[in-house]
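Participant: First the structure, then my questions, so here it is.
Computed from the coordinates by the stated procedures, all read-outs in this text should not be read as laboratory data. This one's a predicted model, so the numbers in the text were calculated from it and none came from an experiment. No Cβ is skipped: glycine too gets one built from the backbone with ideal geometry, and neighbour counts run over all protein chains shown.
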Amino acid sequence: MTAHTQAWGSGLATTTAAGVELDTWFSHVALGALPAGRDPWILPAELDELAGPDPRRAVTLEGVIVEIELGEAPSSTPDAYLRLHLLSHRLVRPGEINLDGIFAHLPSVVWTNAGPMHPDDFTRLRPHLVRAGIHAHSVDRFPRLIDYVTPPGVRIADASRVRLGAYLSPGTTVMHEGFVNYNAGTLGHSMVEGRISQGVVVGDGTDIGGGASIMGTLAGGGTHRVTIGARVLLGANSGVGISIGDDSVVEAGLYVTAGTKIVLPEEPRSADGAPRVVKATELSGVPGLLFRRNSLSGAVEAITRTGAGVTLNKMLHT
Ligand SMILES: CC(C)(COP(=O)(O)OP(=O)(O)OC[C@H]1O[C@@H](n2cnc3c(N)ncnc32)[C@H](O)[C@@H]1OP(=O)(O)O)[C@@H](O)C(=O)NCCC(=O)NCCS
């Protein structure tokens, strides 16, 4: 947990002619209070130079200095963007700061190769934009991470798969099929070829196989915050709705939800010879397990694993 209760940043906010704040890009972010004697109305010279209108997009860029309370809910668009920057600059970890109600401060924006636009302006100005070589790549509340922050030591094969607010540690590779949401990410080296949903963190040395899915808490009313331990392998097209402990493996293609009934073949059987069965949620976070669907019986099983997790392919993971 960060010891700081405040953060501040200076950057450029994009505003429409009607006064809608579309985004804020921060050139400088820091934990702690605005330094004493620093006038919040005096902007760094390099931001002053970039400020001004951009008539192609019908927006104005304005320099801003923002100071926020990390324990309180976001209260404005620049405040919300500062929180996303703090996560992507790895100054705070997923789950460490208050993001309650953040969607209300992130308007739906047309993201173009020249920067954000209001959807109405984009529709109205389309022919002029085409002539100016400006095109849209998405309409969303969140921009792409690397349009705002480029975390050192990280590879991202497809920029559109990682949102601003993702926390990616050095040694992380997100391949084309990988996806990382805001307030989610990796705590060490990882190969990410599956989806890391909002709120999920993945431990060091863990491999998220192609098309694998980790349930988040945004959709479906989930409240359990899923974590994936260190040196875990989530097999291709597997899925998990429970936390997976260190040095564990989930078989390719197996989906383990919280209520999945799991056979423990290594445990003593009951008096009538039935194997012990538990709900997957009881195995949440237990280290050193292999989850597999027995291809003969169809039952999902958990068996103990020997050895320590996966060894990431050094050629691929550096
Ligand atoms: C589940 C998994 C880890 C098992 O691999 P493993 O531990 O190396 O096990 P093995 O394939 O050597 O099999 C060991 C034994 O278990 C058996 N077994 C393996 N999977 C089984 C299953 N689902 N049901 C029943 N038996 C199974 C094997 O037949 C073998 O039996 P044997 O001792 O009689 O020969 C592997 O199948 C898997 O899914 N790996 C994920 C790879 C992946 O997706 N990587 C990401 C790429 S993007």
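Participant: Please report the antiparallel percentage of the DSSP beta bridges confined to the chain, to the nearest 5.
Facilitator: 55
Participant: Right, something else. When the helix-only estimate is applied to the chain (DSSP H runs of n ≥ 4, each -39,500 (n - 2.57), divided by the residue count), what is the mean residue ellipticity at 222 nm, nearest 500 deg cm²/dmol? Walk me through the numbers on the way to the answer.
Facilitator: On the way: 4 runs with 35 residues, N = 318.
Per the formula, -3000 deg cm²/dmol.
Participant: Could you grab the relative contact order for region 6-140? Cα pairs under 8 Å, six or more apart, rounded to a whole percent. Numbers along the way, then the final one.
Facilitator: Working: 239 pairs, mean separation 34.7, N = 135.
Relative contact order comes out at 26 percent.
Participant: Relative contact order for region 118-196: what is it in percent, counting Cα pairs under 8 Å that are at least 6 residues apart?
Facilitator: 22
Participant: Please name which of His135, Ser88, Tyr148 has its Cα lying farthest along the dipole of region 86-181 towards the positive end, using unit charges on Cβ (Lys, Arg +1; Asp, Glu -1) and the Cα centre as origin.
Facilitator: Result: His135, furthest along the dipole toward the positive end.
Participant: Peptides 142-152, 7-17, 27-37: what's the order by average Cβ count within 10 Å, highest mean first?
Facilitator: The densest-packed peptide leads the list: 7-17, 142-152, 27-37.
Participant: Sticking with this structure for a sec: Give the peptides 53-60, 230-237 in descending order of average Cβ contacts within 10 Å, highest first.
Facilitator: Put in order of decreasing packing, that is 230-237, 53-60.
Participant: Using only the alpha-carbon atoms, how far is helix 77-88 inclined from the longest principal axis of the chain? Give it as 0 to 90 degrees, nearest 10.
Facilitator: For helix 77-88, the angle is close to 50 degrees.
Participant: Work through the residues other than Pro94 whose Cβ is under 14 Å from its Cβ and net out their charges, Lys, Arg +1 and Asp, Glu -1.
Facilitator: Working: positive: Arg83, Arg90, Arg93, Arg163, Arg225; negative: Glu96.
That works out to +4.
Participant: Report the semi-axes of the equivalent ellipsoid for the chain in whole Å, largest first, where each axis is √(5λ) for an eigenvalue λ of the Cα gyration tensor.
Facilitator: Listed largest to smallest, the semi-axes of the chain are 43, 21, 17 Å.
Participant: Using only Cα atoms and rounding to the nearest 10 degrees, what angle (0 to 90) does helix 119-131 make with the longest principal axis of the chain?
Facilitator: Roughly 70 degrees, rounded to the nearest 10.
Participant: Related question: For the chain, what relative contact order do you get, as a whole percent, if you take Cα pairs closer than 8 Å and at least 6 residues apart?
Facilitator: So the answer I get is 10 percent.
Participant: Once the principal axes of the Cα atoms of region 6-140 are found, what is the range along each, listed largest first in whole angstroms?
Facilitator: 47, 32, 24
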